[in-house]
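*Asks:* Before I ask anything, let me first share the structure, which is written out below as structure tokens.
The values are calculated or read from the model by the stated rules, or taken from the named source; none is laboratory data. Just so it is clear, the structure is predicted and the values come from calculations on it, not from any experiment. FYI the Cβ positions are ideal-geometry reconstructions off the backbone, even for glycines, and counts take in every protein chain you see. In case anyone asks, the SASA skips ligands and DNA or RNA and just uses the protein heavy atoms, side chains included. Shrake-Rupley method; radii C 1.70, N 1.55, O 1.52, S 1.80 Å.
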Amino acid sequence: MLLRLLETHDVGKRHAGYRKGEGTLRLSAAEPGATAVLSRYRLGDRRFVPEEVERFALPAERRLPRGSWLVEVNAPDRAPARVPVWLGRQDTWDDEVHLLPALDPETCFVPAGPFWSGGDPDVPCLPRRRLWVPGFVIDRHPVTNARYLDFLNDLARRCRLDEALRHAPRERAGAAGEEGPLILGRTPDGGFCLRADADGDDWRPELPVLMVDWYAACAYAAWMAERTGLPWRLPTEFEWEKAARGVDGRRYPWGDHPDATWMCIRASHEGKAQPPGVGAYPLDESPYGVCWTAGGVRDWCLDVGREAGPPLDGDRVVIPEVDPATADPELPRAYRGGDWYGLAVHARLAYRAWNQHRTKNYSLGFRLCRSVP
């Protein structure tokens with residue numbers, strides 16, 4: 001109504017640009033020979049689906065209708081990058097993308113830039129804010145039993161069996177302060193192997209690892225950093241949220257409509273609820289290609305769990321330096337995401353929660369992240 005009134009009285013067309021509601025996309029790449037594929041997100045079958053609009057060389061500038069867009073940037077000898085863009089009325093999105101060399105296909109690159117965080121009125125979350133996040137790489141899926149078994153067996157081979165036993169998944173303890181029995185089996189050479197648990201459920205290699213605490217997740221990250229020479233760690237809350245939501249503040253990875261057939265939550269199962277193998281529920285995928293954030297398994301985060309949220313430097317996300325050996329055990333740690341036995345409300349990507357470092361839970365696992373220059 002207000003726009004119609006403005007159109008009626010805007011005799012000199014001074015506000016024509018505002019009424020048209022366009023924004024400006026200004027995009028370049030640090031690498032020579034870069035090209036872009038521009039797509040607009042449109043609603044299709046209750047999901048946001050990217051529809052290709054144009055291909056062009058970079059640098060480039062375009063006037064575009066306000067809304068949600070996706071740009072795929074390519075350059076010779078570099079991994080492609082997905083760059084989601086949100087344009088408000090008369091906004092300017094000005095970005096130089098720095099592409100990375102070839103990436104492991106099981107990781108996703110989230111370029112530096114802003115995103116809309118929080119702001120979901122139906123869940124415990126932070127206020128809606130536009131925050132700037134440095135670039136990072138994150139696992140496409142949570143860490144699986146197979147990957148975690150490699151970690152434990154490597155520790156055992158290197159005479160670090162006590163450490164491996166400390167980080168191995170365990171059943172719930174019978175009493176507070178006690179340690180539950182091992183879920184994994186043991187091999188004749190002193191290593192670890194997968195087997196059915198006490199409930200008869202089979203711990204298959206492709207299932208996400210569960211029943212591991214925050215210290216175990218950090219130990220796995222340190223092991224991966226040592227093994228690859230890359231600075232692997234747990235993601236911060238804001239990194240996780242951007243990787244899951246993109247930049248437009250959507251409620252789920254695919255948009256705003258909840259559907260239990262698109263994600264693995266309690267309502268998704270017929271009969272006995274069980275965690276599926278990674279790769280199931282392919283529609284649970286973010287604009288960056290990160291999977292299983294609405295359902296499947298919740299992810300431990302690096303941050304201390306605080307009502308006020310992680311500290312910021314103005315509107316910029318701060319990546320804390322965390323040493324698990326000196327972390328205060330009295331302060332809880334955050335986790336994010338929905339899970340295979342959770343409710344639909346837990347699948348909303350702004351939802352926040354935290355628990356004690358030593359918590360081992362049937363729906364709580366982790367994925368890794370690393371900063372990039």
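*Asks:* Any residue at all in region 221-240 that's outside any loop (DSSP other than H, G, I, E, B), closer than 21 Å to ASP120 by Cα and open to solvent by 20 Å² or more (accessible area, probe 1.4 Å)?
*Replies:* No: zero hits.
*Asks:* Only residues that are touching a residue at least 60 places away in the same chain (Cβ under 8 Å), open to solvent by 20 Å² or more (accessible area, probe 1.4 Å) and not small (Gly, Ala, Ser): list them for region 110-130, please.
*Replies:* First, pick out the residues of region 110-130 that are touching a residue at least 60 places away in the same chain (Cβ under 8 Å): 110, 113-120, 122-126, 128-130.
Right, trim to open to solvent by 20 Å² or more (accessible area, probe 1.4 Å) and you get 114, 116, 119, 122, 124-125, 128-130.
Hits for region 110-130 are PRO114, TRP116, ASP122, PRO124, CYS125, ARG128, ARG129, ARG130.
*Asks:* Now for a separate question. Under 7 Å by Cβ, and 6 or more places apart or on different chains, what pairs join a residue from region 307-323 that is of a type in the set (Lys, Arg) with one that is open to solvent by less than 50 Å² (accessible area, probe 1.4 Å)?
*Replies:* none
*Asks:* Between residues in region 41-64 that are at positive phi and residues that are open to solvent by less than 100 Å² (accessible area, probe 1.4 Å), which pairs lie under 9 Å by C-beta distance while being six or more apart or on different chains?
*Replies:* Partner pairs satisfying both residue conditions: ARG46/TRP254; ARG46/GLY255; ARG46/ASP256; ARG46/HIS257; ARG46/ASP259.
*Asks:* Given the conditions (1) under 26 Å from VAL49 (Cα atoms); (2) touching a residue at least 40 places away in the same chain (Cβ under 8 Å); (3) open to solvent by 10 Å² or more (accessible area, probe 1.4 Å), report the number of the one that PRO282 does not fulfil.
*Replies:* Going through the list (1) under 26 Å from VAL49 (Cα atoms); (2) touching a residue at least 40 places away in the same chain (Cβ under 8 Å); (3) open to solvent by 10 Å² or more (accessible area, probe 1.4 Å), PRO282 breaks only (2).
Yes/no per residue for (1) open to solvent by 40 Å² or more (accessible area, probe 1.4 Å); (2) modelled with pLDDT under 95; (3) within 32 Å of the chain's Cα centre (by Cα); (4) hydrophobic (A, V, I, L, M, F, W, C):
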site	(1), (2), (3), (4)
PHE151	no, no, yes, yes
LEU155	no, no, yes, yes
CYS159	yes, no, no, yes
ALA175	yes, yes, no, yes
GLY185	no, no, yes, no
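*Asks:* Another one. On the basis of being without any contact (Cβ under 8 Å) to a residue 12 or more places away in the chain and aliphatic (A, V, I, L, M), does ALA267 make the cut? Explain how you work it out, then say what you get.
*Replies:* On the way: without any contact (Cβ under 8 Å) to a residue 12 or more places away in the chain: no; aliphatic (A, V, I, L, M): yes.
So ALA267 does not fit the description; no.
*Asks:* Still on this model: Restrict the check to region 8-15 and report whether at least one residue is within 24 Å of GLY289 (Cα to Cα) and either open to solvent by 60 Å² or more (accessible area, probe 1.4 Å) or modelled with pLDDT under 95 (or both).
*Replies:* Looking through region 8-15, none of the residues is within 24 Å of GLY289 (Cα to Cα) and either open to solvent by 60 Å² or more (accessible area, probe 1.4 Å) or modelled with pLDDT under 95 (or both).
*Asks:* Within region 77-92, take every residue that is open to solvent by less than 20 Å² (accessible area, probe 1.4 Å) and in contact with a Pro (Cβ under 9 Å, 6 or more places away or on another chain) and give me the one that is farthest from PHE238 (Cα to Cα).
*Replies:* Out of the qualifying residues, it is ALA79.
*Asks:* So, in region 327-339, how many residues would count as being open to solvent by 30 Å² or more (accessible area, probe 1.4 Å) and of a type outside the set (Asp, Glu)?
*Replies:* So the count comes out to 2.
*Asks:* Hey, another quick one. Which residues, counting only those in region 251-277, are farther than 14 Å from ASP45 by Cα, among the charged types (D, E, K, R) and more than 17 Å from the chain's Cα centre (by Cα)?
*Replies:* Listed by number, the residues that qualify are ARG266, GLU270, LYS272.
*Asks:* Which of (1) under 30 Å from ASP323 (Cβ atoms); (2) open to solvent by less than 10 Å² (accessible area, probe 1.4 Å); (3) β-branched (Val, Ile, Thr) does ILE265 not meet, given it meets every other one?
*Replies:* Checking ILE265 against (1) under 30 Å from ASP323 (Cβ atoms); (2) open to solvent by less than 10 Å² (accessible area, probe 1.4 Å); (3) β-branched (Val, Ile, Thr), the one that fails is (1).
*Asks:* Next question, about the same structure. Quick one: in region 285-326, which of the residues that are of a type in the set (Asp, Glu), surrounded by fewer than 16 Cβ atoms within 10 Å (Cβ to Cβ) and out of contact with any Leu (no Cβ under 7 Å at 6 or more places or on another chain) is nearest to SER268 (Cα to Cα)?
*Replies:* GLU307
*Asks:* Working carefully through the options ALA198, ALA217, find the one that is open to solvent by 20 Å² or more (accessible area, probe 1.4 Å), touching a residue at least 12 places away in the same chain (Cβ under 8 Å) and under 30 Å from ALA273 (Cα atoms).
*Replies:* ALA198
*Asks:* Those residues that are open to solvent by 50 Å² or more (accessible area, probe 1.4 Å) and under 20 Å from TYR288 (Cβ atoms), I need them from region 44-76; list them, please.
*Replies:* ARG47, PHE48, VAL49, PRO50, GLU51, GLU52, VAL53, GLU72
*Asks:* Considering (1) open to solvent by 10 Å² or more (accessible area, probe 1.4 Å); (2) over 26 Å from TRP116 (Cα atoms), say which one VAL209 fails and leave the rest.
*Replies:* (1)
*Asks:* Still on this structure, I have one more. Mind checking which residues of region 83-102 are under 18 Å from VAL133 (Cβ atoms) and aliphatic (A, V, I, L, M)?
*Replies:* VAL83, VAL85, VAL97, LEU99, LEU100
Conditions (1) touching a Lys or Arg at 6+ places or on another chain (Cβ under 9 Å); (2) in a loop (DSSP other than H, G, I, E, B); (3) not acidic (Asp, Glu), marked per residue:
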residue: GLU179; (1), (2), (3): yes, yes, no
residue: PRO188; (1), (2), (3): no, yes, yes
residue: ALA244; (1), (2), (3): yes, no, yes
residue: PRO258; (1), (2), (3): yes, yes, yes
residue: MET263; (1), (2), (3): no, yes, yes
